[in-house]
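The structure appears right after this line, and notes come after that.
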Amino acid sequence: RGECRAESRQSEASRGMSQERRRSTRINAQVPATVKRPDDSSTQRVVIMDISGDGMRLATEAALEPGTPLVVEVKLPNLRAPVAARVRVVWSRPAEAGVTFMQLDPKDRALLMLYARLKALPPRSVIP
């Protein structure tokens, strides 16, 4: 029992640390996008699963290596050119990756966040 309590406290502490690291609100959405390396013209289709002021979680077809710089492009309605964000892969798992913004024009960030809010998914319900 003592071990279970210690593990539970450790798990709670690690969850608290991850919440403390998050500086901005996350918006759950499904926004189609593409990614490419800055030095390569080939693209990979992705879906932005959630977005915050600091980064995004992407659903990917192929694994992305942590530390890799990428350009994420999102075609928004009524805009001729896609919104392009320079990002860096922070973490990667099969079929998904987390990226942090390295360079994104503040106007483009506002447009992207507004579009994500319009496409936002309802919060997941928690089943006891």
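The values are calculated or read from the model by the stated rules, or taken from the named source; none is laboratory data. From a predicted model like this one, the values you see are computed outputs, not experimental measurements. FYI the Cβ positions are ideal-geometry reconstructions off the backbone, even for glycines, and counts take in every protein chain you see. Side chains included, ligands, DNA and RNA excluded: accessible areas come from the protein's heavy atoms. Shrake-Rupley method; radii C 1.70, N 1.55, O 1.52, S 1.80 Å.
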task: Can you tell me which residue within segment 96-120, out of those that are assigned to a loop (DSSP other than H, G, I, E, B) and surrounded by 13 or more Cβ atoms within 10 Å (Cβ to Cβ), is modelled with the lowest pLDDT?
output: Lys119
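So which residues in segment 67-87 are open to solvent by 20 Å² or more (accessible area, probe 1.4 Å) and not charged (D, E, K, R)?
Kept after step one, since they are open to solvent by 20 Å² or more (accessible area, probe 1.4 Å), are these residues of segment 67-87: 67, 69, 73, 75, 77-82, 84, 86.
Those that are open to solvent by 20 Å² or more (accessible area, probe 1.4 Å) and not charged (D, E, K, R): Gly67, Pro69, Pro77, Asn78, Leu79, Ala81, Pro82, Ala84.
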statement: With criteria (1) aliphatic (A, V, I, L, M); (2) open to solvent by 50 Å² or more (accessible area, probe 1.4 Å); (3) under 16 Å from Ile27 (Cβ atoms), Val90 comes up short on (3)
- line: Subset of segment 28-58, residues over 15 Å from Val87 (Cα atoms) and either open to solvent by less than 40 Å² (accessible area, probe 1.4 Å) or of a type in the set (Phe, Trp, Tyr) (or both), comes to Ala29, Val31
field: Pair list, Cβ < 7 Å and 6+ apart or interchain, from segment 14-36 residues that are within 17 Å of Leu58 (Cα to Cα) to residues that are open to solvent by 100 Å² or more (accessible area, probe 1.4 Å) and modelled with pLDDT of 50 or more
entry: Ile27/Arg117; Thr34/Arg45
- prompt: So which residues in segment 75-94 are in contact (Cβ under 8 Å) with a residue 12 or more places away in the chain and within 13 Å of the chain's Cα centre (by Cα), if there are any at all?
  reply: Ala85, Arg86, Val87, Arg88, Val89, Val90, Trp91, Ser92
query: How many residues are modelled with pLDDT of 90 or more and in a loop (DSSP other than H, G, I, E, B) when one looks only at segment 39-61?
result: 4
message: It is to be established whether one or more residues within segment 14-23 are loosely packed, with under 14 Cβ neighbours inside 10 Å and either part of a strand (DSSP E or B) or at pLDDT 90 or above (or both).
response: no
Unmet criterion (only one of (1) at pLDDT 95 or above; (2) within 11 Å of Val35 (Cβ to Cβ); (3) surrounded by 15 or more Cβ atoms within 10 Å (Cβ to Cβ)) for Leu64: (1)
